[in-house]
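Each remark here refers to the structure printed beneath this line.
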Amino acid sequence: MTDGAVKPAAPLAPLRARNTASRLVQYILLQIVIAVLCILVLRLPLPQPPEQLEATRFSVSDRGANRDVTLPAFVPSRVSMEEPAIFTGHFAWSTRETGRAWSVYLPRFTNGVVVLINGVEILDSRRDPAANRSDRATPEIALIPASLLRDGDNEVTVQLFVWGPIPGFLNKVYAGADETLRPYYEWRTMLFITLPLMFSAWQGILAVILTAMWAMRRGEAAYGALAAAMALGAMQAFLPTSIDQP
């Protein structure tokens, strides 16, 4: 009986090896497909407002140097927030637009911005620490008081504050009817603010579930490691970063 039990079991070892190799190949192919899909999705352009709403004729004043610039643009990193790069552009407004709310829309910037219309401040992103995180492409939009708009040429000034080792960045600036710009702002907010927070919340839920599983099966160290990884991922989204601090 002993010899008979051993002999049929011998062919199982090569079969297990083949099954393991097949699963490994399938897993690698799946990861390749996922990577390709991610690359294709990231290459898709995001919706942009109409070109006629883009503020133009920008110049930048940075550390005493003045030059014309085409947005988007970068500025060198610095250690002090006392020397912002100042971008100045222009947009047109007509008295025919009286009665319609107008806004200025910034799709992306790093790290903080102050926006002025005809010399009057209407937005300061530094009041919202979450808006200045370099790990988020936070958009900003602000209504322009009707009293600041004048017929013809109007000036928009963006003071770009940079701190940390990352260079400053300012994307294109748009000025137009709020009903036109608001959907683009809400779309980017959903993609870069709402969805990451949802994913982080899901990570937190998975961390709790995996912790409970690990508590019931202490011998499975993988559950504890996965729970710790999920908890760290969730904390990253909700804890303030060093640049959020005053």
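Here are the numbers for this structure:
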quantity: Yes/no for residue 84 being surrounded by 14 or more Cβ atoms within 10 Å (Cβ to Cβ) and within 21 Å of residue 183 (Cα to Cα); calculated: no
quantity: Filter result (in contact with a helix residue (DSSP H, G or I) (Cβ under 8 Å, 6 or more places away or on another chain) and not in a strand (DSSP E or B)) within region 136-145; calculated: 136, 137, 138, 139
quantity: Filter result (part of a helix (DSSP H, G or I), modelled with pLDDT of 75 or more and surrounded by fewer than 16 Cβ atoms within 10 Å (Cβ to Cβ)) within region 216-238; calculated: 216, 221, 222, 225, 228, 229, 232, 235
quantity: Check on residue 164, of a type outside the set (S, T, N, Q) and free of Cβ contacts under 8 Å to residues at least 40 places away in the same chain; calculated: no
quantity: Residue ID - most open to solvent (accessible area, probe 1.4 Å), chosen from residues in region 1-43 that are modelled with pLDDT under 70 and among the aliphatic types (A, V, I, L, M); calculated: 1
quantity: Given (1) out of contact with any Lys or Arg (no Cβ under 9 Å at 6 or more places or on another chain); (2) within 18 Å of residue 169 (Cα to Cα), index of the condition residue 92 fails; calculated: (2)
quantity: Selection within region 186-205 - within 11 Å of the chain's Cα centre (by Cα) and without any contact (Cβ under 8 Å) to a residue 12 or more places away in the chain; calculated: 190, 194, 195
quantity: Hits in region 162-179 (condition: open to solvent by 10 Å² or more (accessible area, probe 1.4 Å), under 18 Å from the mean Cα position of the chain (by Cα) and modelled with pLDDT of 90 or more); calculated: 169, 171, 172
quantity: Of all residues making up region 44-74, the number that are in contact (Cβ under 8 Å) with a residue 12 or more places away in the chain, part of a loop (DSSP other than H, G, I, E, B) and open to solvent by 50 Å² or more (accessible area, probe 1.4 Å); calculated: 6
quantity: Test: residue in region 90-98 that is open to solvent by less than 80 Å² (accessible area, probe 1.4 Å) and aliphatic (A, V, I, L, M); calculated: yes
quantity: Qualifying residue in region 141-160 (condition: of a type in the set (A, V, I, L, M, F, W, C), more than 23 Å from residue 70 (Cβ to Cβ) and open to solvent by 40 Å² or more (accessible area, probe 1.4 Å)); calculated: yes
quantity: Any hit, region 119-127, residues being buried (at least 18 other Cβ atoms within 10 Å of the Cβ), without any contact (Cβ under 8 Å) to a residue 60 or more places away in the chain, under 25 Å from the mean Cα position of the chain (by Cα) and in a strand (DSSP E or B); calculated: yes
quantity: Every pair of residues 6+ apart whose Cβ atoms lie under 8 Å, when the first sits in region 76-103 and is among the β-branched types (Val, Ile, Thr) while the second is not in a strand (DSSP E or B); calculated: 79/163; 95/151; 98/146
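The values are calculated or read from the model by the stated rules, or taken from the named source; none is laboratory data. Small disclaimer: the values here were computed from a predicted structure and weren't measured. Using ideal geometry, Cβ is built from the backbone for each residue, glycine included, and neighbour counts are taken over all protein chains shown. Accessible surface areas use protein heavy atoms only, side chains included; no ligands, DNA or RNA. Shrake-Rupley method; radii C 1.70, N 1.55, O 1.52, S 1.80 Å.
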